[in-house]
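The values are calculated or read from the model by the stated rules, or taken from the named source; none is laboratory data. Values in this document were obtained by computation on a predicted structure and should not be read as measured data. We place every Cβ from the backbone using ideal geometry, glycine too, and count neighbours over all the protein chains shown. The accessibility values were calculated without ligands, DNA or RNA, using every heavy atom of the protein model including side chains. Shrake-Rupley method; radii C 1.70, N 1.55, O 1.52, S 1.80 Å.
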Amino acid sequence: MTTPTLMTATDTPTFSLNRIAQALCGTLLATGLALAGPALADSAMTQDRDDELRLIVPPWPGVTVKSEIFAQLIEPLGYTTDKQQLSSTVGYATLESGDSDAFLAGWIPAQQESYDAAMESGAIVDLGNNVNGARMGFTVPDYVAETGLTSAEQLADPEIAERFNHSVYSIENGSTVTDMLNNAIDADIYGLSNWRGRPSSTPGMLSEVEGAVKDKRWIIFYGWTPHWMVPEYNTVILDDPKGVYGDDNGSSDVKTIVAKDYAEANPNLLKLLDQFVLTADEQSEFIRTYSLEQGDLEVVAREWLVNNPERIATFLEGVTTRDGGDALSAVESSL
């Protein structure tokens, strides 16, 4: 992806035992994953059924690097990864059919229909967010925000509208977010009825942003995090109290979704999948290195692991190798 252009849900807490209990419709995990903290930790000592993880990886930079980091993390634990290059829609179908095991890019509500169908069928387990701080909305460079512009409500000010030339840049026509912007213009939200939406390709929009930042001109555009635009252009997303780009100022869910059968049979790797949580800033940085700077995927992932030992320790807490060994020591030795 350059991005899923459709991220608009409130941030949710990461995995809780109550949520997995609900997702599994009240059943116990077949390998003895009891619905209580101590039992979950104990179950990690049970050898997982599978030594392979079939991971759905749409062609989006963020999930591409994130999935490679996870693949390199589990290899010294005794697991391999089959990275399946599928769209999110196809991915939910393969999770239901048993042809895929997990997905690290469950953007909600962008994928709400597919997600709801899979949940209603009882085919998937939702482990909660793996990215904290994901968000989208009206975005400006930091030097514009530093003048006191913090909320989209201020766009109704004629002087501010003039500074932006009554233009909001956006991505492709027909994308969900450009439809959101056009609807706001039609409804005169934030006084936008006399503004113009300026849709383009994502690279085209960011080219406009780059030129404006170079000249310190005012520009407002559709932005999101995680993305390399955040560190590259020092972007600031404005408050959006009327929810043009979704509830809670455009906050987003990026969920870890696991096939129910795989979750039941692999409690150790399930625990690691649950604890593999990044910040939006962390993901933005490695997206920049991989996508903007065209870094080698395997090198970018390995360097992130080498440079973040404290994060690795958090991910691996209570996790073992597949044969019950010390997971942290195994990973540290591999790096």
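So what is the relative contact order for the chain, in percent, with contacts set as C-alpha pairs under 8 Å and at least six apart? The partial results should precede the final answer.
Details: 665 pairs, mean separation 100.0, N = 335.
Here the relative contact order equals 30 percent.
Could you derive backbone 3J(HN,Hα) for the range 253-266 from the dihedral phi with the Karplus parameters 6.51, -1.76 and 1.60 (θ = phi - 60°), listing whole Hz in sequence and x where the residue is Gly or Pro?
Working through the residues one at a time gives 9, 10, 9, 8, 10, 10, 4, 4, 4, 5, 4, 5, 8, 9 Hz.
Per-residue HN-Hα couplings for the range 274-284, Karplus 6.51 cos²θ - 1.76 cosθ + 1.60 at θ = phi - 60°, whole Hz, x for Gly and Pro?
Karplus values, whole Hz, x for Gly and Pro: 5, 8, 7, 10, 10, 8, 4, 5, 4, 5, 4.
What nm value, rounded to one decimal, do you get for the distance between E113 and D326 when each label is placed 7 Å out toward the C-beta?
A separation of 5.2 nm, rounded to one decimal place.
Which value does Rg/Rh take for the range 165-284 over its C-alpha atoms, Rh per Kirkwood?
So for the range 165-284, dividing Rg by the Kirkwood Rh gives 1.09.
Would you pull out the residues with amide H under 5 Å of V131's amide H, same chain only if 5 or more places away, H placed 1.01 Å from N?
Those lying under 5 Å, H to H, from V131 are V254, L278.
So if we plug the beta-carbon distance of D239 and E298 into 1/(1 + (r/R0)^6) with R0 = 45 Å, what FRET efficiency do we get, rounded to 0.05?
0.70
Considering only protein heavy atoms and a probe of 1.4 Å, how much of the accessible area of the chain is carbon and sulfur, as a whole percent? Each step should come with its number before you reach the end.
On the way: 6240 of 13600 Å².
After summing per-atom areas, the C and S share lands at 46 percent.
Have a look at the chain and give its Rg and Dmax from the Cα atoms, expressed in angstrom.
For the chain, the Cα radius of gyration and maximum Cα-Cα distance read 21.2, 66 Å.
Let me know the Kirkwood hydrodynamic radius for the range 82-232, please, with Cα pairs as the basis and the value in Å to one decimal. Show your work: numbers first, answer last.
Working: mean 1/r = 0.0566 Å⁻¹.
One over the average 1/r among Cα pairs gives 17.7 Å for the range 82-232.
About the Cα centre of the range 41-187, what is the dipole size in debye to 20, counting +1 per Lys and Arg Cβ and -1 per Asp and Glu Cβ, all else neutral?
Charge dipole of the range 41-187: 220 debye, to the nearest 20.
Which entries of K66/K260; K242/K271; K83/K260 show an alpha-carbon separation above 30 angstrom in the structure shown? Intermediate values should be presented prior to the final figure.
Values: K66/K260 22 Å; K242/K271 38 Å; K83/K260 19 Å.
K242/K271, as the Cα separations exceed 30 Å there.
Quote the Stokes-Einstein diffusion coefficient, in whole µm² s⁻¹, for the range 52-145, based on the Kirkwood radius over alpha carbon pairs, a temperature of 4 °C and a viscosity of 1.567 mPa s.
In µm²/s, the coefficient is 88.
If eta is 0.890 mPa s and T is 25 °C, what Stokes-Einstein diffusion coefficient results for the range 260-328, Kirkwood Rh from Cα pairs, in µm²/s?
In µm²/s, the coefficient is 180.
Which peptide among 244-250, 230-236, 162-168 comes first, and what is the full order, when sorted by highest mean count of other Cβ atoms within 10 Å? Walk me through the intermediate numbers first.
Values: 244-250: 21.1, 230-236: 18.7, 162-168: 16.1.
Top of the packing list down: 244-250, 230-236, 162-168.
Using the C-alpha atoms of the range 198-267, what convex hull volume per residue, in cubic angstrom, is computed?
Spread over its residues, the Cα hull of the range 198-267 gives 156 Å³ apiece.
Please name whichever of S67, S170, S284 sits farthest to the positive end of the charge dipole of the chain, dipole taken about the Cα centre and charges placed at Cβ: Lys and Arg +1, Asp and Glu -1.
Of the candidates, S170 comes out farthest on the positive side.
Would you mind working out the accessible area per residue for the chain, using a 1.4 Å probe, and quoting it in Å²?
Details: 13600 Å² over 335 residues.
Accessible area per residue: 41 Å².
What is the gain in length, in nm to one decimal, between K216 and D281 on full extension, counting 0.36 nm per residue of separation less the C-alpha to C-alpha distance? Don't jump to the answer; show the numbers that get you there.
Working: separation 65, 0.36 × 65 = 23.40 nm, distance 2.36 nm.
Computed gain between K216 and D281 is 21.0 nm.
With both partners inside the chain, how many of the DSSP beta bridges are antiparallel, as a percent to the nearest 5?
Just about 55 percent of them are antiparallel.
Give me, ordered by chain and number, the residues 5 or more places off I124 or on other chains with an amide H under 5 Å from its own placed amide H.
Here the answer is K260, since their amide H atoms fall under 5 Å of that of I124.
Give me D for the range 191-233 in µm² s⁻¹, whole number, from Stokes-Einstein with Rh from the Kirkwood sum over alpha-carbon pairs, 10 °C and 1.306 mPa s.
Reported coefficient: 138 µm²/s.
Enter the angle in degrees (range 0 to 90, nearest 10) between the Cα long axis of helix 176-186 and the first principal axis of the Cα atoms of the chain, meaning the one along which they spread out most.
30 degrees
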